Amino acid sequence: MKKLFALIAFAATLSFAVSAPFTHDGFFFSVTSGLGYGTFNDDIDDGFAQIESNGLQAEASIKIGGAIVNGLIIHATFAMNQLYSDLEATSKTGRDDRLSHDGFDILFMGGGATFYIPGGSNVFLGASAGVTTYSVTIGNQSADFLNLDSGFGVIATIGKEWWIHEELGLGIAFSYTYTSAEGEYRGEKNEASTNMFSLSATFTFN
(Lines give C-alpha, C1' and ligand atoms only; values in the text may rest on other atoms or scores of the structure.)
Protein backbone atom coordinates (compact mmCIF):
# COMPACT_ATOMS: atom_id res chain seq x y z
CA MET A 1 0.00 0.00 0.00
CA LYS A 2 2.84 2.42 0.81
CA LYS A 3 4.47 1.76 -2.59
CA LEU A 4 1.15 2.41 -4.33
CA PHE A 5 0.67 5.74 -2.56
CA ALA A 6 4.28 6.69 -3.39
CA LEU A 7 3.64 5.93 -7.09
CA ILE A 8 0.42 7.96 -7.01
CA ALA A 9 2.21 10.92 -5.40
CA PHE A 10 4.98 10.72 -8.01
CA ALA A 11 2.48 10.66 -10.89
CA ALA A 12 0.54 13.58 -9.42
CA THR A 13 3.71 15.65 -9.00
CA LEU A 14 4.89 15.06 -12.58
CA SER A 15 1.47 15.72 -14.06
CA PHE A 16 1.45 19.39 -13.05
CA ALA A 17 4.02 20.08 -15.78
CA VAL A 18 2.20 18.32 -18.64
CA SER A 19 -1.45 19.22 -18.16
CA ALA A 20 -3.26 20.50 -21.28
CA PRO A 21 -6.80 21.93 -21.52
CA PHE A 22 -9.77 19.62 -22.12
CA THR A 23 -7.65 16.50 -21.74
CA HIS A 24 -7.16 13.89 -19.05
CA ASP A 25 -3.40 14.13 -18.85
CA GLY A 26 -2.60 16.11 -15.70
CA PHE A 27 -3.09 16.32 -11.97
CA PHE A 28 -6.34 14.62 -10.97
CA PHE A 29 -8.69 15.58 -8.13
CA SER A 30 -12.25 14.29 -8.01
CA VAL A 31 -15.05 14.35 -5.44
CA THR A 32 -18.38 12.53 -5.51
CA SER A 33 -21.52 12.65 -3.40
CA GLY A 34 -24.72 10.69 -3.79
CA LEU A 35 -27.39 8.34 -2.49
CA GLY A 36 -28.34 4.74 -3.10
CA TYR A 37 -29.27 1.39 -1.61
CA GLY A 38 -27.12 -0.63 0.76
CA THR A 39 -27.28 -4.03 2.44
CA PHE A 40 -25.35 -5.11 5.53
CA ASN A 41 -25.18 -8.67 6.80
CA ASP A 42 -23.34 -9.97 9.86
CA ASP A 43 -23.39 -13.73 10.54
CA ILE A 44 -22.39 -14.78 14.02
CA ASP A 45 -21.01 -18.33 14.48
CA ASP A 46 -23.00 -21.28 15.77
CA GLY A 47 -26.26 -19.66 14.76
CA PHE A 48 -25.94 -17.22 17.66
CA ALA A 49 -27.52 -14.42 15.64
CA GLN A 50 -27.71 -12.64 12.34
CA ILE A 51 -27.70 -8.85 12.11
CA GLU A 52 -28.92 -7.08 8.98
CA SER A 53 -29.58 -3.59 7.66
CA ASN A 54 -31.16 -2.87 4.28
CA GLY A 55 -32.15 0.48 2.84
CA LEU A 56 -31.06 4.02 2.11
CA GLN A 57 -27.36 4.85 2.18
CA ALA A 58 -25.23 7.88 1.31
CA GLU A 59 -21.83 7.86 -0.38
CA ALA A 60 -19.00 10.39 -0.63
CA SER A 61 -15.48 9.99 -2.00
CA ILE A 62 -12.28 11.84 -2.80
CA LYS A 63 -9.70 10.73 -5.38
CA ILE A 64 -6.27 12.34 -5.72
CA GLY A 65 -3.63 11.34 -8.26
CA GLY A 66 -2.32 11.94 -11.76
CA ALA A 67 -2.32 10.62 -15.31
CA ILE A 68 0.40 8.15 -16.28
CA VAL A 69 -0.72 8.37 -19.92
CA ASN A 70 -3.47 10.43 -21.51
CA GLY A 71 -6.80 9.14 -20.21
CA LEU A 72 -5.38 6.68 -17.65
CA ILE A 73 -5.13 7.97 -14.09
CA ILE A 74 -3.93 6.34 -10.89
CA HIS A 75 -5.12 7.76 -7.61
CA ALA A 76 -5.55 7.38 -3.90
CA THR A 77 -9.20 6.80 -2.99
CA PHE A 78 -10.90 7.83 0.24
CA ALA A 79 -14.61 7.06 0.64
CA MET A 80 -17.34 6.89 3.26
CA ASN A 81 -20.74 5.24 3.14
CA GLN A 82 -23.46 5.83 5.73
CA LEU A 83 -26.28 3.33 6.24
CA TYR A 84 -29.51 4.79 7.61
CA SER A 85 -31.76 1.76 8.12
CA ASP A 86 -32.17 0.19 11.56
CA LEU A 87 -30.35 -3.02 12.43
CA GLU A 88 -32.48 -6.15 12.55
CA ALA A 89 -31.16 -8.96 14.73
CA THR A 90 -32.42 -12.55 14.64
CA SER A 91 -31.12 -14.83 17.42
CA LYS A 92 -30.80 -18.62 17.39
CA THR A 93 -33.90 -18.77 19.57
CA GLY A 94 -35.90 -17.11 16.83
CA ARG A 95 -36.25 -13.81 18.67
CA ASP A 96 -36.27 -10.73 16.44
CA ASP A 97 -35.04 -7.33 17.59
CA ARG A 98 -34.83 -3.98 15.84
CA LEU A 99 -31.99 -1.73 16.94
CA SER A 100 -32.07 1.97 16.10
CA HIS A 101 -28.48 3.14 15.65
CA ASP A 102 -27.08 6.65 16.02
CA GLY A 103 -24.65 6.19 13.15
CA PHE A 104 -23.39 3.46 10.84
CA ASP A 105 -20.32 4.52 8.89
CA ILE A 106 -18.08 2.50 6.59
CA LEU A 107 -14.71 4.11 5.82
CA PHE A 108 -12.55 3.12 2.86
CA MET A 109 -8.90 4.00 2.16
CA GLY A 110 -7.01 2.58 -0.79
CA GLY A 111 -5.88 3.17 -4.33
CA GLY A 112 -7.08 2.57 -7.84
CA ALA A 113 -7.32 3.74 -11.43
CA THR A 114 -9.74 5.68 -13.61
CA PHE A 115 -9.81 5.26 -17.40
CA TYR A 116 -11.49 7.76 -19.72
CA ILE A 117 -12.64 6.02 -22.91
CA PRO A 118 -10.97 7.60 -25.99
CA GLY A 119 -13.04 9.64 -28.40
CA GLY A 120 -13.98 12.68 -26.33
CA SER A 121 -17.16 11.26 -24.79
CA ASN A 122 -15.79 11.73 -21.26
CA VAL A 123 -17.23 8.36 -20.27
CA PHE A 124 -15.03 6.77 -17.62
CA LEU A 125 -14.51 3.50 -15.79
CA GLY A 126 -12.88 3.26 -12.38
CA ALA A 127 -11.88 0.69 -9.78
CA SER A 128 -10.27 0.90 -6.34
CA ALA A 129 -9.28 -1.60 -3.65
CA GLY A 130 -8.28 -0.97 -0.07
CA VAL A 131 -8.87 -1.23 3.66
CA THR A 132 -12.26 -0.65 5.29
CA THR A 133 -13.45 -0.02 8.84
CA TYR A 134 -16.97 -0.24 10.27
CA SER A 135 -18.29 2.12 12.92
CA VAL A 136 -21.71 1.52 14.50
CA THR A 137 -23.02 3.48 17.49
CA ILE A 138 -25.97 2.25 19.55
CA GLY A 139 -27.15 4.77 22.14
CA ASN A 140 -24.12 6.10 23.97
CA GLN A 141 -22.18 2.87 23.54
CA SER A 142 -18.83 2.60 21.83
CA ALA A 143 -18.70 3.10 18.07
CA ASP A 144 -17.22 -0.41 17.96
CA PHE A 145 -20.58 -2.02 18.76
CA LEU A 146 -20.02 -5.01 16.46
CA ASN A 147 -16.32 -5.46 17.35
CA LEU A 148 -15.32 -5.79 13.70
CA ASP A 149 -11.67 -5.54 12.71
CA SER A 150 -10.44 -3.66 9.66
CA GLY A 151 -11.40 -5.47 6.48
CA PHE A 152 -11.20 -5.35 2.71
CA GLY A 153 -13.21 -3.41 0.16
CA VAL A 154 -13.52 -2.74 -3.57
CA ILE A 155 -15.27 0.05 -5.48
CA ALA A 156 -16.26 -0.12 -9.16
CA THR A 157 -17.53 2.98 -10.98
CA ILE A 158 -18.88 3.98 -14.38
CA GLY A 159 -19.83 7.55 -15.26
CA LYS A 160 -19.86 10.46 -17.64
CA GLU A 161 -18.66 14.03 -17.25
CA TRP A 162 -19.08 17.30 -19.20
CA TRP A 163 -16.43 19.99 -19.41
CA ILE A 164 -17.44 23.26 -17.73
CA HIS A 165 -13.93 24.73 -17.97
CA GLU A 166 -10.70 23.68 -19.65
CA GLU A 167 -9.68 21.79 -16.49
CA LEU A 168 -13.03 21.22 -14.72
CA GLY A 169 -15.77 18.66 -15.30
CA LEU A 170 -19.18 17.92 -13.81
CA GLY A 171 -20.90 14.59 -14.21
CA ILE A 172 -22.81 11.64 -12.86
CA ALA A 173 -21.57 8.20 -11.83
CA PHE A 174 -22.95 4.86 -10.76
CA SER A 175 -20.84 2.92 -8.27
CA TYR A 176 -20.87 -0.44 -6.56
CA THR A 177 -19.04 -0.93 -3.28
CA TYR A 178 -18.34 -4.25 -1.56
CA THR A 179 -16.76 -4.49 1.88
CA SER A 180 -16.11 -7.31 4.32
CA ALA A 181 -14.66 -7.71 7.81
CA GLU A 182 -14.43 -10.20 10.65
CA GLY A 183 -14.53 -9.82 14.41
CA GLU A 184 -15.86 -11.21 17.66
CA TYR A 185 -19.32 -10.52 19.03
CA ARG A 186 -20.04 -11.65 22.60
CA GLY A 187 -17.42 -14.36 22.38
CA GLU A 188 -18.50 -15.65 18.98
CA LYS A 189 -16.77 -15.07 15.64
CA ASN A 190 -18.72 -12.90 13.26
CA GLU A 191 -18.32 -12.24 9.55
CA ALA A 192 -19.81 -9.10 8.04
CA SER A 193 -20.20 -7.79 4.51
CA THR A 194 -21.94 -4.97 2.65
CA ASN A 195 -23.17 -4.41 -0.88
CA MET A 196 -23.85 -0.78 -1.74
CA PHE A 197 -25.09 0.88 -4.92
CA SER A 198 -24.90 4.65 -5.40
CA LEU A 199 -25.85 7.26 -7.97
CA SER A 200 -23.62 10.29 -7.44
CA ALA A 201 -22.72 13.71 -8.77
CA THR A 202 -19.03 14.16 -9.65
CA PHE A 203 -16.79 17.21 -9.72
CA THR A 204 -13.34 16.73 -11.24
CA PHE A 205 -10.27 18.90 -11.73
CA ASN A 206 -8.00 17.37 -14.36
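Ordering Glu88, Glu161, Glu184 by accessible surface, largest first, gives Glu184, Glu88, Glu161; the 1.4 Å probe counts only protein heavy atoms, with every chain in place. Here the accessible area of the stretch 64-206 is 59 percent carbon and sulfur, with a 1.4 angstrom probe and all protein chains present. Dipole magnitude for the stretch 29-181: about 500 debye, using +1 per Lys or Arg Cβ and -1 per Asp or Glu Cβ, origin at the Cα centre.
Could you grab the relative contact order for the stretch 83-204? Cα pairs under 8 Å, six or more apart, rounded to a whole percent. All intermediate terms of the calculation are to be shown ahead of the outcome.
Working: 274 pairs, mean separation 22.1, N = 122.
About 18 percent, as a whole number.
Each residue of the stretch 129-134 was assigned a 3J(HN,Hα) from its phi angle through the Karplus expression (A = 6.51, B = -1.76, C = 1.60, θ = phi - 60°), giving 9, x, 9, 10, 9, 9 Hz with x at Gly and Pro.
For the pair the stretch 163-184 / the stretch 97-127, the C-alpha centres are spaced 3 Å from each other.
As a rough guide to protection, the peptides 65-73, 119-127 ranked by mean Cβ packing within 10 Å, highest first, stand as 65-73, 119-127.
These residues, Tyr37, Tyr134, go from largest to smallest accessible area, 1.4 Å probe, as Tyr37, Tyr134.
How big is the dipole moment of the stretch 23-108 about its Cα centre under a simple scheme where the beta carbon of each Lys and Arg is +1, that of each Asp and Glu is -1, and everything else is neutral? Debye, nearest 20, please. The partial results should precede the final answer.
Working: 4 positive and 13 negative charges, 81 e Å.
That gives the stretch 23-108 a dipole magnitude of about 380 debye.
The values are calculated or read from the model by the stated rules, or taken from the named source; none is laboratory data. Computed from a predicted structure; not experimentally measured. Positions of Cβ are generated from backbone atoms using ideal geometry, with glycine treated the same way; all protein chains shown enter the neighbour counts. The accessibility values were calculated without ligands, DNA or RNA, using every heavy atom of the protein model including side chains. Shrake-Rupley method; radii C 1.70, N 1.55, O 1.52, S 1.80 Å.
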